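I have placed the structure first, in the form of structure tokens, so that the comments after it can refer back to it.
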């Protein structure tokens, strides 16, 4: 295992933390950095994907950080707008996530680099754009170091135009993700044409995303099988985008087999993989298969593993609450907000085992599936190479801005043939 020299860590700590993190945590020893460096570290190793752990609870964040330290791996902690935005269903949100991560890093002596990512910052209409103009700066004020501007709910021209407008409100040093096609499983699959349109248009406006998320056949939440990600489609689109040096962000990882995720690492330019539902279920102590998908019994109920995760009494309360609210299995995520404080009151051995179960799963994924071990020193090396908290853009402008005015964007979009798939809520 490649270890970082203490002198290199101290130097990275001095120069690598972005201005908002330094202002919020002036005396911290937590190496919270821009998502740009995470992407660069994965590319430096090659065929390596960073876990972006959706921190729906304190226990998920704690376990993911422990796993990253154990694997000597760079890590992303994130939350989506639906999970942790202004109408959150989780106690962890855009405005307190950095504080939780910083506290845990210092408490547990976590020395691996960590990015704080605002995932799926959804834009569905003009009102959302207006709100984003003050909400995005507030999120960076609170410690976000990377963001996904997700206007994929809108037509292609509006997606691109909204992304251009809102980029003004994202610090130049921050990691940036963009998205084409909502994550809807086999419906509304993304195409090369759509992805090129978005990335070329951004490039013409000197916007160079670190990642692009696609609808490549997977879904968010609970899956019925391991059939999901279309690896060949993903590789094909990434190849089409090669000149623009954008990496892939894989959404909806829960429910895809370990072998399928290994194929993504081996054959595509993916450097970020979101894991959400799996970590929630694992922390609660539910029985899951090897890729974190909850297993249901013959009656269609979750299987609680005795003496793992939450106490049996707490799980009974959670189930009773879910039944009182008529929550479907896929909506058990809505238990996070009303039960976070209750979970934090459990005896320490129970709290510890919740985090340890997450740690075991995340470590296994980092080391045995996503090839992310020993990427922490690579991220630190990139910081030292840059001599700054900002490595600058990966790409350069190759598109002519005169061909990508607002009027021409609207006109160009008319020739794109795409299937957006069914309407519905596919946000996390």
Largest first and rounded to whole Å, the semi-axes √(5λ) derived from the alpha carbon gyration tensor of the chain read 32, 26, 20
Within the chain, what percent of beta bridges assigned by DSSP are antiparallel, to the nearest 5? 10 percent
How large is the Rg to Rh ratio of the range 356-402 when both quantities use alpha carbon positions and Rh follows Kirkwood? 1.24
Out of 315, 284, 173, any idea which swings most in a Gaussian network model of the chain, alpha carbons joined below 10 Å? 315
For the pair residue 398/residue 321, report the inter-label distance in nm, with labels modelled 7 Å from Cα in the Cβ direction. 5.1 nm
With the label point 7 Å along the Cα-to-beta-carbon line of residue 297 and a cut-off under 17 Å to each amide N, the hits in the range 313-343 are 313-323, 329
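Pull out the extension gain between residue 364 and residue 287, defined as 0.36 nm times the separation in residues minus the alpha carbon to alpha carbon distance; nm, one decimal. Spell out each step's value before the answer.
Working: separation 77, 0.36 × 77 = 27.72 nm, distance 1.64 nm.
In short, 26.1 nm is gained.
For n ≥ 4 DSSP H runs only, could you compute -39500 (n - 2.57) per run for the chain, divide by its residues and tell me the 222 nm figure to the nearest 500? Intermediate values should be presented prior to the final figure.
Numbers: 17 runs with 185 residues, N = 428.
Rounded to the nearest 500, it is -13000 deg cm²/dmol.
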Evaluate the distance, in nm, between pseudo-label points positioned 7 Å from the Cα of residue 172 and of residue 87 along their respective Cα→Cβ axes. 3.6 nm
Per-bin percent of Cα-Cα distances, the range 285-408 [10 Å]: 10, 26, 22, 16, 17, 9, 1
Once the Cα atoms of the range 56-163 are picked out, what are the Rg and Dmax in Å? 15.1, 46
Specify the residue with the greatest mean-square fluctuation among 213, 395, 74, computed from a Gaussian network of the chain linking alpha-carbon atoms under 10 Å apart. 395
Within the range 39-59, find all residues whose amide N lies under 18 Å from a label point positioned 7 Å from the Cα of residue 8 along Cα-to-beta-carbon. 39-46
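Could you tell me the relative contact order of the chain? Use alpha-carbon pairs under 8 Å, at least six residues apart, and round to a whole percent. Spell out each step's value before the answer.
Values: 913 pairs, mean separation 105.8, N = 428.
Value for the chain: 25 percent.
Read-outs throughout are calculated quantities, based only on the coordinates presented, and are distinct from any laboratory measurement. Just so we're clear, the structure is a prediction, and the values are computed from it rather than from any experiment. All Cβ positions, even for glycine, are placed from backbone atoms using ideal geometry, and neighbour counts span all protein chains on display.
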